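Before any comments, here is the structure.
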Amino acid sequence: MKPVNIYLITIFFNIFLITSCSNNNQTNFNSNSKLIVSDKKIIIPIDSKTYPESGCSFYYLDRSGTEYFTYYNKNFNEIHFYNLDSLKLDFKIKVSVKGPDGIKSNIAGFAVKNIDTIFITPKGQKKIYIINHYGKIIKVIDYNNYNISDSDKYYFNHSMAYYSTPTSPLVILNNLFYINVMPNGNWNRISDQEYPRLPIAFCLDTTNHHILRLKMSFPKTSFKYNMWQYSFAYGNGYFVYSFSADNDIYVTKDFNEIR
């Protein structure tokens, strides 16, 4: 048995939202934060068939209040559910590549809404598969075939497929799916005229089958240093972005107004 160590980080983070008295009614963000690595850790034993580096893992709280550490096992294209109370594997979900419930490639990311609604983002496909706890496909969101305006289509076609990972989790608000993307192709060939137009996210309307390019692009540092990677988080109605080689944090509610 090999242990997977999860170190606990205690975060003291207070954000004060102060509405200014200026005419543009801007919001200023002042924060006091302290990041402390504690001496506590969670050790979860894994068997010899489980690859000890996942690339995709999430915390999941089910309806009964049971806490899970969900873990992608690359060796067998499986999602493991480790009970954080017993620190043991409760169950695993095999995601098929071939056959009637095959996703045609390995997992590149996932998100768990509940045990029978698990979103799978496969490698190299602009699709989102929804499976149940048996690994059976219950729906496929093929956003490559969604309606999109001609002006947005160019940027969509020049963007990578979306993968739901800890640095780019799937955000679902009602029927709207917010997916983050990076430019496709050779990044060295992106011109200084083109980079301000490259979107970092699209919004999928899964009811009307429409896709919209969101009005937020990459900072100048991405182009300057040819480093387009970033991470983001969502909470309390805000999308928060952190870019490689950039000292600023970008905060938005609607992708129109950026702080």
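Worth pointing out:
- Residues of the stretch 124-146 that turn out to be modelled with pLDDT of 95 or more and either among the polar types (S, T, N, Q) or more than 18 Å from Phe177 (Cα to Cα) (or both), as a count: 7
- Residue count, the stretch 61-86 (criterion: more than 14 Å from Gly135 (Cβ to Cβ) and among the aliphatic types (A, V, I, L, M)): 2
- Of the residues making up the stretch 75-103, those that are of a type outside the set (Val, Ile, Thr), surrounded by fewer than 16 Cβ atoms within 10 Å (Cβ to Cβ) and in a loop (DSSP other than H, G, I, E, B) are Asn75, Phe76, Asp85, Ser86, Leu87, Ser96, Lys98, Gly99, Pro100, Gly102.
- Cβ-Cβ under 8 Å pairs, at least 6 apart or on other chains, the stretch 130-153 side more than 21 Å from Arg213 (Cα to Cα), far side among the β-branched types (Val, Ile, Thr) and in a loop (DSSP other than H, G, I, E, B): Ile131/Val95; Asn132/Ile115; His133/Ile115; Gly135/Val95; Ile137/Ile103
- First in the stretch 66-89 and more than 19 Å from Asp116 (Cβ to Cβ), second anywhere and charged (D, E, K, R) and in a strand (DSSP E or B), Cβ under 6 Å, 6 or more apart: Leu84/Glu67
- Per-region count, the stretch 222-236, residues over 26 Å from Ile148 (Cβ atoms) and open to solvent by less than 30 Å² (accessible area, probe 1.4 Å): 0
The values are calculated or read from the model by the stated rules, or taken from the named source; none is laboratory data. Because the structure is a prediction, the values reported are computed rather than measured. For neighbour counting, all protein chains shown are included, and Cβ atoms are generated from backbone atoms with ideal geometry for every residue, glycine included. What goes into the accessible areas is simple: the full protein's heavy atoms, side chains included, and nothing from ligands, DNA or RNA. Shrake-Rupley method; radii C 1.70, N 1.55, O 1.52, S 1.80 Å.
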